[in-house]
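Just below is one structure, and these are the notes that go with it.
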Amino acid sequence: MTRSLFIVRLVQPFPGLDGYDEMLSNYWSAVKAQLDRQAITSGSINRIFVETVTGRGEDALVQLQQINPSASQLVRNLIASGAVIEEFEDTELLGELIDWGQCASQNLMSEKVRSIVQSGQVEAAGARDEHLQKRFNDAIRDDESAVVFAVSGQLPIPDRIERFIVSPPELDQLERWLRAKMEEARREMMEQAQRQADQQPGSAAGGSSQSSSGGLWTPS
């Protein structure tokens, strides 16, 4: 008896980034097409899991709609075909891991405090992984197929569940496009910083020049 799990990257929206919406729409269309093809051989999707979303059913769908409208539309299509959104994240465990992460992002001065934060992160991540693995095991029944929309790339999937990574070419195209945009933005920031530096008094381009006598002022 086989249990199958399809892993889909939960690509986040970037409102206001020109051209991104079209790339994102192409990605989700390709994901849907690939899941539809897989359903022919593996059967329809029965269970849906969404990383970082708490609750189940309509509550989970509302959360997903708020953070990722494009993904929520695909999930609605899966629900219309008979799938259900399972409860996946534990609110307390997820919140604890996020809080430790926020602490770790601070410029901590004390080695003792850094050690406490690091230990807290490791412990919270381990407890969450154990919970997520149990949810996969308990929810996916024999001969069922499920899909998980994953933010991270290292979910704790039980060994007895067969996994399939849904990675259409549109994902690579989107990632390369984003990298190019980030590089373009980085260059623009550097050029702007250079222009501002050139306009500062005393700069090589815009400041007054020193005398040829080593820069020392002498009375005439």
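For region 1-27, the candidate set comprises residues that are charged (D, E, K, R) and either at pLDDT below 95 or farther than 19 Å from PRO168 by Cα (or both); within that set, the residue that is nearest to the chain's Cα centre (by Cα) is ASP21. Here GLU162 clears all of (1) over 32 Å from the mean Cα position of the chain (by Cα); (2) among the charged types (D, E, K, R); (3) at pLDDT 90 or above except the condition numbered (1). Of all residues in region 74-100, those that are more than 30 Å from LEU35 (Cβ to Cβ) and surrounded by 15 or more Cβ atoms within 10 Å (Cβ to Cβ) total 2. The set of residues in region 101-121 that are part of a helix (DSSP H, G or I), free of Cβ contacts under 8 Å to residues at least 12 places away in the same chain and either surrounded by 11 or more Cβ atoms within 10 Å (Cβ to Cβ) or more than 20 Å from the chain's Cα centre (by Cα) (or both) comprises GLU111, LYS112, VAL113, ARG114, SER115, ILE116, SER119. Scan region 19-55 for residues that are closer than 23 Å to PHE164 by Cβ, in contact with a strand residue (DSSP E or B) (Cβ under 9 Å, 6 or more places away or on another chain) and not hydrophobic (A, V, I, L, M, F, W, C) and the total you get is 10. The sole residue among ALA204, ALA193 that is at pLDDT below 90, part of a loop (DSSP other than H, G, I, E, B) and more than 30 Å from PHE6 (Cβ to Cβ) is ALA204. Per the listing ARG135, ARG128, the residue uniquely within 24 Å of ILE67 (Cα to Cα) and in contact with a helix residue (DSSP H, G or I) (Cβ under 8 Å, 6 or more places away or on another chain) is ARG128.
Please go through region 160-182 and give me each residue that is closer than 11 Å to ARG3 by Cβ and acidic (Asp, Glu), ordered by number. Answer for region 160-182, where residues must be closer than 11 Å to ARG3 by Cβ and acidic (Asp, Glu): just GLU162. Just need a number here: residues in region 52-100 that are polar (S, T, N, Q), assigned to a helix (DSSP H, G or I) and under 30 Å from GLN118 (Cα atoms). Counting residues in region 52-100 that are polar (S, T, N, Q), assigned to a helix (DSSP H, G or I) and under 30 Å from GLN118 (Cα atoms) gives 2. May I ask you to verify whether ASP90 is within 29 Å of ASP129 (Cβ to Cβ) and of a type outside the set (Val, Ile, Thr)? So ASP90 fits the description; yes.
From the list GLU175, GLU130, GLU183, the lone residue that is loosely packed, with under 11 Cβ neighbours inside 10 Å and assigned to a helix (DSSP H, G or I) is GLU183.
Scanning region 41-56 for residues that are surrounded by fewer than 14 Cβ atoms within 10 Å (Cβ to Cβ) and not small (Gly, Ala, Ser) returns a single hit, THR41. Would you tally the residues in region 12-40 being surrounded by fewer than 17 Cβ atoms within 10 Å (Cβ to Cβ), among the hydrophobic types (A, V, I, L, M, F, W, C) and part of a helix (DSSP H, G or I)? So the count comes out to 3.
The values are calculated or read from the model by the stated rules, or taken from the named source; none is laboratory data. A quick note: this is a predicted structure, and the numbers were derived from the prediction, not measured. Please note: Cβ atoms are built from the backbone with ideal geometry, for glycine as well, and neighbour counts cover all protein chains shown.
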